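Working notes for the structure below.
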Ligand SMILES: *Cc1c(COP(=O)(O)O)cnc(C)c1O
């Protein structure tokens with residue numbers, strides 16, 4: 001830390017992204033990326049892009065892409081804001097939309113960035129516990145004194161609130177912004193976008209990173225009442241008006257032209273998710289019912305850290321979170337069927353190995369003591 005860093009940032013606990021190791025080829029099931037390439041039309045658009053145009057700034061209004069998104073989602077262009085990844089929208093929302101109380105409510109177990117943004121803007125973070133089954137109780141967010149942020153479906157649990165429950169949260173907080181982070185909605189969830197017409201306090205956030213195979217392009221968008229969108233633009237034009245680069249704009253438009261391609265990839269992931277869930281259950285895992293492109297699972301044989309390490313040694317990356325309430329769990333991104341089969345084979349190998357026997361013994365004696 002240099003002597004120049006403003007005091008208010010000196011204790012920041014930064015977000016730790018899932019590892020992107022460069023040392024060898026892993027099967028990467030740790031950051032919820034798509035196993036499929038972007039649509040052929042996207043690849044073509046980039047291949048044929050006039051790279052010499054990179055000397056020019058991109059359109060700060062992103063008019064072409066916004067028009068297409070508006071068409072796809074049945075809203076008006078003034079209801080859409082585009083950003084350099086949806087993290088950027090969350091950043092702006094925490095910066096500028098937390099309202100009178102300076103407080104923000106989000107689930108205790110959720111996307112790790114919410115806490116980081118709360119700290120960055122010195123907001124009071126109210127971390128609301130989940131129910132014992134990891135579901136969100138919508139009542140905890142009704143009539144609260146601050147902004148509400150909920151990933152729906154939630155990460156890393158994969159569980160979702162119904163639209164009726166979201167409606168109740170919106171109804172009871174007319175003077176607070178309610179952010180619904182729909183990073184995973186295309187894998188079987190129900191979007192709150194249709195509610196935007198009814199609620200001026202609703203900000204829906206989505207991304208091209210997961211269901212549209214474009215994590216590397218950095219493209220996110222928000223759908224909300226025109227006034228909220230104007231607020232986000234106010235911040236954008238006070239920081240970086242050219243927040244979407246030319247190539248990403250092209251890729252985004254081409255992706256929207258390939259709705260069928262992405263629908264069929266999402267359907268495949270949903271199918272592979274069901275297959276993987278039942279295979280893991282067969283191996284003694286507890287598997288939460290997921291509406292996302294990942295599974296949140298717990299082995300009855302070994303701890304989460306142990307499984308993470310054992311799989312990494314065999315060339316497969318999954319995610320482990322060390323916070324006590326979920327340390328027995330792992331989050332596994334759904335890859336291709338072939339990748340899932342390799343992972344399932346490796347897990348079986350690991351379960352046969354001595355380490356797990358040790359863990360079993362340790363646990364059996366602990367259980368005996370408990371009794
Ligand atoms: C992946 C993810 C994001 C970030 O998406 P980007 O558009 O890549 O910045 C936001 N929220 C949740 C819950 C996510 O899982």
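Out of the residues in region 204-251 that are more than 13 Å from the ligand (Cβ to nearest atom) and part of a strand (DSSP E or B), state the one that is surrounded by the most Cβ atoms within 10 Å (Cβ to Cβ).
224
What helices (runs of 4 or more DSSP H) completely inside region 301-371 contain at least 2 residues that are within 13 Å of residue 29 (Cα to Cα) and modelled with pLDDT of 95 or more?
Where helices (runs of 4 or more DSSP H) fall fully within region 301-371 and carry at least 2 residues being within 13 Å of residue 29 (Cα to Cα) and modelled with pLDDT of 95 or more, they are 304-313, 337-352.
Given the conditions (1) in contact (Cβ under 8 Å) with a residue 60 or more places away in the chain; (2) more than 21 Å from residue 195 (Cα to Cα), report the number of the one that residue 73 does not fulfil.
Tallying (1) in contact (Cβ under 8 Å) with a residue 60 or more places away in the chain; (2) more than 21 Å from residue 195 (Cα to Cα), residue 73 fails exactly one: (2).
Looking at (1) part of a loop (DSSP other than H, G, I, E, B); (2) away from the ligand (no atom under 16 Å from the Cβ); (3) within 19 Å of residue 127 (Cα to Cα), which one does residue 140 not meet, given that it meets all the others?
Here residue 140 meets the rest and fails (1).
Which pairs do you get when a residue that is within 14 Å of residue 252 (Cα to Cα), found in region 28-42, comes within reach of a residue that is more than 16 Å from the ligand (Cβ to nearest atom) and outside any loop (DSSP other than H, G, I, E, B), reach meaning Cβ atoms under 6 angstrom, with the pair 6+ apart or on two chains?
From region 28-42, the pairs are 39/261; 41/254; 42/254.
So, residue 72, is that one under 19 Å from residue 214 (Cα atoms), more than 16 Å from the ligand (Cβ to nearest atom) and touching a helix residue (DSSP H, G or I) at 6+ places or on another chain (Cβ under 6 Å) or not?
When the stated conditions are applied, residue 72 passes them.
The values are calculated or read from the model by the stated rules, or taken from the named source; none is laboratory data. Quick caveat: nothing in here was measured; it's all calculated off a predicted structure. Note that each Cβ is placed from the backbone with ideal geometry, even for glycine, and that neighbours are counted across all protein chains shown.
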